[in-house]
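Structure first, commentary second.
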Amino acid sequence: MDQGTPGELAGRHILLGITGGIAAYKTPDLVRKLRGAGADVCVVTSAGAQQFVSSTALQAVSGRAVRHSLWDEAAEAAMGHIELARWADTVLIAPATANCIAKLARGQADDLLTTLCLATTAALVVAPAMNVRMWQHPATQSNVALLAERGAHLLGPAEGEQACGEYGPGRMVEPADICKALTSIDPGQAVLGPHATDPADNSLAGVNVLITAGPTREPIDPVRYISNRSSGKQGYALATEAARMGATVTLVSGPTALPVPPGVKRIDVLSAQDMLTAVESQLDQTDLFIGVAAVADYRVAAVANEKIKKTASTRDGITLDLVTNPDIIATVAATAGGPITVGFAAETHKGLEHARGKLERKGLDMIALNDVSDQRIGFSSDANALTILWSDGEQQVPMQTKAAIARSLLSKVVELFNPRLSVRSPTP
Ligand code: PMT
């Protein structure tokens with residue numbers, strides 16, 4: 001068994017919770033790697049985990065007695081469960097079953113591990129492992145999204161062949177990768193509650209932010225149009241978070257079913273041309289422009305005034321001539337003295353290559369690559385994952401709720417462009 005890179009986790013107190021999945025057999029190796037990287041590890045097993053991995057093996061590799069019950073008098077006398085919750089700077093649950101994730105989402109505390117999770121202020125890191133359909137079930141997805149929203153860190157699941165013989169996402173991330181991921185997670189980063197926003201984060205105070213969101217509709221005739229699957233959720237989440245961070249936010253929105261976020265001014269539009277007109281009307285008061293909208297690249301050249309009927313001449317099909325729509329974000333980026341511009345790139349293949357191409361071609365300051373070939377994220381889903389690209393760097397933002405993604409993206413904008421933002425919006 002390989003050990004982790006010495007020192008990477010030196011001084012860390014990791015409480016490893018193991019729940020009842022077949023991947024539990026990998027946990028002695030995980031403990032070895034965590035300790036090899038310098039961490040002090042205390043293992044807590046659920047009743048299910050004890051069916052898959054022996055306490056003797058875990059005790060041998062961790063150098064500590066394995067805890068599994070709230071009612072173990074000797075163990076409680078040595079270090080009570082509240083003390084244990086305080087001792088940990090990181091609670092890592094690997095593998096985390098669907099049942100464990102559901103209990104964490106509900107705040108249920110019916111065994112030692114879930115009780116510790118409620119009692120601790122440590123960072124919570126969850127490495128799910130389960131059958132692919134259990135993972136894809138809407139109940140699990142909504143539980144995972146809730147945990148992410150509260151600030152939990154999700155590692156995986158990885159995709160591949162499963163112990164049950166099926167294929168897809170559901171495998172526990174490998175011990176070496178879990179160990180590596182922990183090095184970039186701040187210890188003691190508490191789960192803060194429904195919105196993990198720092199209430200004191202006013203880093204966009206005085207900044208005027210203009211965001212486009214949702215789809216556009218390009219009419220064919222009075223009853224038909226060309227559109228796409230954008231729900232507006234990601235753009236609205238950005239508008240909500242930017243307002244929370246103190247910005248004055250205007251949202252130019254294509255047709256969505258979403259309510260106006262608190263404190264945000266919304267301008268409703270339908271087509272790409274309407275969206276451009278609305279954006280241009282706001283541009284001279286905009287410091288930061290974020291183009292999240294899925295704008296139609298083409299529109300119908302000649303929109304019919306009346307409903308197109310199926311007649312003898314159209315029965316075998318019709319041809320629609322499409323013309324190119326204006327590129328809204330490229331127009332904004334090319335405006336002299338214009339705002340900082342952040343685009344999104346929804347891609348199904350060669351994502352990095354296409355996104356970097358758009359960053360350069362459209363003259364943007366930053367672009368967020370959204371891999372929409374992954375059905376769990378992107379269009380209409382509640383979760384998302386991005387790769388943020390800028391002229392000389394890039395950063396992955398792992399799968400989280402769209403609100404958490406919005407916070408990460410805005411923090412990166414502040415980090416990279418704060419000097420330019422402050423010059424544009426000097427504090428009075
Ligand atoms: O709305 P959701 O359901 O939450 O889904 C979110 C999302 C998948 C729509 C979002 O995360 C996303 O990826 N948005 C960009 C979608 C898109 O149209 O990408 P694009 O690669 O075609 O465009 C690149 C950039 O140019 C985008 O910033 C887009 O707003 C902008 N653009 C594109 C065409 C055009 N004519 N004008 C533009 O401004």
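The values are calculated or read from the model by the stated rules, or taken from the named source; none is laboratory data. Keep in mind that this is a model prediction, so the values were computed, not measured. So basically every Cβ, Gly included, is an ideal-geometry build from the backbone, and we count neighbours across all protein chains shown. The area values use the complete protein model at the heavy-atom level, side chains included, leaving out ligands, DNA and RNA. Shrake-Rupley method; radii C 1.70, N 1.55, O 1.52, S 1.80 Å.
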statement: A student asked for the Cα radius of gyration and Dmax of the range 13-182 in angstrom ought to give 14.8, 45
task: Report the Stokes-Einstein translational diffusion coefficient (µm² s⁻¹, integer) for the range 266-328, Rh taken as the Kirkwood radius over Cα pairs, at 20 °C with viscosity 1.002 mPa s.
output: 148 µm²/s
statement: Neighbours of E166 by Cβ distance under 15 Å: Lys/Arg at +1, Asp/Glu at -1, summed charge 0
statement: The simple spin-label model distance between A60 and D374, using points 7 Å out along Cα→Cβ, in nm, is 3.8 nm
statement: Taking the chain and counting helices only, DSSP H stretches of n ≥ 4 at -39,500 (n - 2.57) each over all residues, the nearest-500 ellipticity at 222 nm comes to -9500 deg cm²/dmol
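Taking 25 Å as R0, compute the FRET efficiency from the Cβ-Cβ separation of S142 and A257 and round it to 0.05.
Efficiency computed from Cβ-Cβ geometry: 0.85.
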- line: Most fluctuating of P262, P187, P95 in the GNM of the chain (C-alpha, under 10 Å) is P262
- request: Output the peptides 311-319, 64-72, 42-50, 358-366 sorted from most to least packed, where packing is the average of other Cβ atoms within 10 Å over each peptide's residues.
  value: 42-50, 358-366, 64-72, 311-319
field: Kirkwood Rh, Cα atoms: Rg over Rh of the range 284-381
entry: 1.11
message: Report the per residue volume, in Å³, of the convex hull enclosing the C-alpha atoms of the range 208-422.
response: 133 Å³
- request: Could you work out which residue, out of H13, H153, H137, moves most in a Gaussian network model of the chain, that is, has the largest mean-square fluctuation with Cα springs under 10 Å?
  value: H137
field: Inter-probe distance in nm under a simple model that places probes 7 Å from Cα toward Cβ, at N202 and A77
entry: 5.4 nm
- prompt: What is the gain in length, in nm to one decimal, between R361 and T183 on full extension, counting 0.36 nm per residue of separation less the C-alpha to C-alpha distance?
  reply: 60.5 nm
message: Suppose all protein chains stay in the model; what accessible area per residue would a 1.4 Å probe give for the chain, in Å²?
response: 46 Å²
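Given a Förster radius of 41 Å and the C-beta distance between L283 and E161 as r, what FRET efficiency does 1/(1 + (r/R0)^6) yield to the nearest 0.05?
0.20
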statement: At q = 0.18, 0.20, 0.24 Å⁻¹, the log10 of I(q)/I(0) for the range 361-428 from a Debye sum over equal Cα scatterers comes to -0.74, -0.85, -1.05
Model label zone, A119; criterion: amide N under 19 Å from point 7 Å along Cα-to-beta-carbon; scope the range 53-68: 64-68
- prompt: Out of every Cα-Cα pair in the range 112-169, what percent are more than 15 Å apart?
  reply: 56 percent
task: Rank A85, A403, A94 by mean-square fluctuation in a GNM of the chain with C-alpha springs under 10 angstrom and give only the top-ranked residue.
output: A85
- line: Rounded to the nearest whole number, the Stokes-Einstein translational diffusion coefficient of the chain at 10 °C and 1.306 mPa s (Kirkwood radius, C-alpha pairs) in µm²/s is 67 µm²/s
query: Counting pairs of Cα atoms in the range 141-296, how many percent are more than 28 Å apart?
result: 42 percent
- prompt: Round to a whole number: what % of the accessible area of the chain belongs to carbon and sulfur, probe 1.4 Å?
  reply: 52 percent
- prompt: For the pair A334 and D274, how long in nm is the line joining their label points, each one 7 Å along Cα→Cβ?
  reply: 2.5 nm
